[in-house]
Amino acid sequence: MRNIMTVHKVTRCMLTTTCERYSSSTCYQILSSLREKTIVVNGTEYPRDCYTNVTDRILNLIGKNLHHKQYHPLSLLKQRIVNFIYSKFVNTRGNPVFSVHDNLNPVVTLEQNFDNLLVPHDHPSRRLSDSYYINSKFMLRAHTSAHQHNLIKCGLDNFLVFGDVYRRDEIDSTHYPVFHQMEAVRLCGVSELVGNQKEAKKFHVFESGNRDPTKQRSHTLEAVKLVECDMKNCLLELAQQLFGKGLEYQWTDTYFPFTHPSWELEIKHKNEWLEVLGCGIIEQHILEKAGAGHKIGWAAGLGLERLAMKLYNIPDIRLFWSTDSGFLHQFHTDNPHKQISFKSFSQYPQCINNISFWIPEVYSSNDFYDLVRTVGGDIIEQVTLVDVFTHPRTKRTSHCYKIVYRHMEKTLTQREVNKIHKLIEETSRKNLNVEIR
């Protein structure tokens, strides 16, 4: 509860990139109102400032490392991906060329998470309403791509990164503020692209050309097509390994700040199109900055929960955090390739309460979602904005949210729910400066 006591005050700073728009006395008041001056993550102490928006609840989830837990669905999926990549790319001795990094610190600098990946300064992901900030210099990684620059700079050409990532988001059965990603990076020189030494001498990876939808300014079209082919063959085979051969698929053009051209792979799953991953040709400036400007490469990323929910028929993302044996026992296998279909071990009824309030001039729904998760924990199944009303005379705006409560392991009484709901009302009034209707 301590970390959300100043959400409204900190929100005032969320709309700016620095505290400079406020007087030093205002920033001092914000900082002095915090109950604790520092945050400790993995044994390291970080000072708070007006960017700090991470809550105790989120901090308590750091280090859970679900992708490490034996007999957990995310661990099984991770092992399937690693097994495939290890068998797909081997050296002349038959050893895997990819390295796996699955225990990297989730606290990263803003430079690692944004600048090194060419994320524009006005990109929505930089907003404090979208990401979890430790302070103005450090944050909880929003994607595993945050480690790309450092690993390439270490001299790695082929690697996988697995880890927990953190985003402020809506609340429903498919969204959770902490989830897990896999990042794949593969860099190639001329010899890897062409193979034949004689042909390699004639082949050109770089040129001084024009940027267009098919390539970057410094790449030859021939090199891009070879990298694209290598990438798409690998990722399609991965999807087939997970969901079965003969699946219907499509590549769609998209945009990412750190790759160009970029694509998303979608497959037909149970008569619906499912986005499996995003990928593309790494922006050459990223490689140059990391000391690998003489190479060309591709990167891809996917969400483990998103795929595991489809593979194992898991209906609610909160289940991944369950310690109930009724859930975990279903994944007790030493064979990660075993087909498993989750069977619900119980279906407890929902309790639904609405909350309506007048919002202040500076307000973000993600602040409210964070507050609800902090107060209600995992009994909050879903929060939906169901109505927005602006008074014709006063011009004040009111939000109405539907909050769905459901415990994963027992039946909630309406009395229990009302008690938590009342606390959400009181905390919202106090911390978000809203007026309950």
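The values are calculated or read from the model by the stated rules, or taken from the named source; none is laboratory data. Predicted model only: the values in this text are computed from it and were never measured. Counting neighbours? That spans all protein chains shown, and the Cβs are built from the backbone with ideal geometry, glycine included. These area figures cover heavy atoms from the full protein model, side chains too; ligands, DNA and RNA do not enter into them. Shrake-Rupley method; radii C 1.70, N 1.55, O 1.52, S 1.80 Å.
Here the chain is treated with +1 on each Lys and Arg Cβ and -1 on each Asp and Glu Cβ, and its dipole about the Cα centre works out to around 580 debye. Estimated from helices alone, the mean residue ellipticity of the chain at 222 nm is -8500 deg cm²/dmol (sum of -39500 (n - 2.57) over DSSP H runs with n ≥ 4, per residue).
List the relative contact order of the chain as a percent without decimals, with contacts defined as Cα pairs under 8 Å and 6+ residues apart.
Values: 750 pairs, mean separation 67.2, N = 437.
About 15 percent, as a whole number.
Rolling a 1.4 Å probe across the protein heavy atoms gives the chain an accessible surface of 47 Å² per residue. Farthest toward the positive end of the dipole of region 269-373, out of 365, 304, 351, is the Cα of 304, where the dipole comes from beta carbon charges about the Cα centre.
All C-alpha to C-alpha distances of region 52-173, sorted into 5 Å bins beginning at zero, yield P(r) values of 2, 10, 17, 19, 18, 15, 10, 5, 2, 1 percent in whole numbers.
Straight-line reach from residue 201: taking Cα to Cα under 17 Å and skipping same-chain neighbours fewer than 8 places apart, the lysines in range are 295.
In the set (i) 31; (ii) 48; (iii) 40, the label that goes with percent of Cα pairs over 34 Å apart computed for this structure is (iii). Of the listed residues 316, 56, 169, the order by accessible area with a 1.4 Å probe, largest first, is 169, 56, 316.
A probe of 1.4 angstrom, applied to the heavy atoms of all protein chains, finds residue 217 with accessible area near 130 square angstrom. What the Cβ-Cβ distance of residue 198 and residue 236 gives, at R0 = 25 Å and to the nearest 0.05, is a FRET efficiency of 0.25.
The aspartates and glutamates whose alpha-carbon is closer than 17 Å to the alpha-carbon of residue 310, local same-chain residues fewer than 8 away aside, are 172, 248, 266, 272, 275. Separation of region 48-111 from region 277-301 is 20 Å, based on Cα centroids.
Rounded to the nearest 10 square angstrom, residue 276 shows an accessible area of 10 square angstrom against a 1.4 Å probe. The distance linking region 372-430 with region 228-266 is 39 Å (Cα centroid to Cα centroid, whole angstrom).
Cross-link partners for residue 37 among the lysines, with Cα-Cα distance under 17 Å and sequence neighbours closer than 8 places in the same chain left out: 9, 137.
So, with a 1.4 angstrom probe, what is the percent of accessible area on region 88-129 that is carbon and sulfur? In region 88-129, the share of accessible area belonging to carbon and sulfur is 47 percent. Nonpolar atom fraction for region 236-367, defined as the carbon and sulfur part of the 1.4 Å probe accessible area, stands at 46 percent. Between residue 362 and residue 268, the simple spin-label model (points 7 angstrom out along Cα→Cβ) gives 5.1 nm. Counting only protein heavy atoms, what percent of the accessible surface of region 147-233 is carbon or sulfur at a 1.4 Å probe? About 48 percent, which is the carbon plus sulfur part of the accessible surface. In terms of accessible area, using a 1.4 Å probe and ignoring ligands and nucleic acids, 331, 138 rank largest first as 138, 331. For a 19 Å ceiling on Cα separation, which of these pairs sit above it: 64/338; 402/422; 78/289; 69/232? 64/338; 78/289; 69/232, as the Cα separations exceed 19 Å there.
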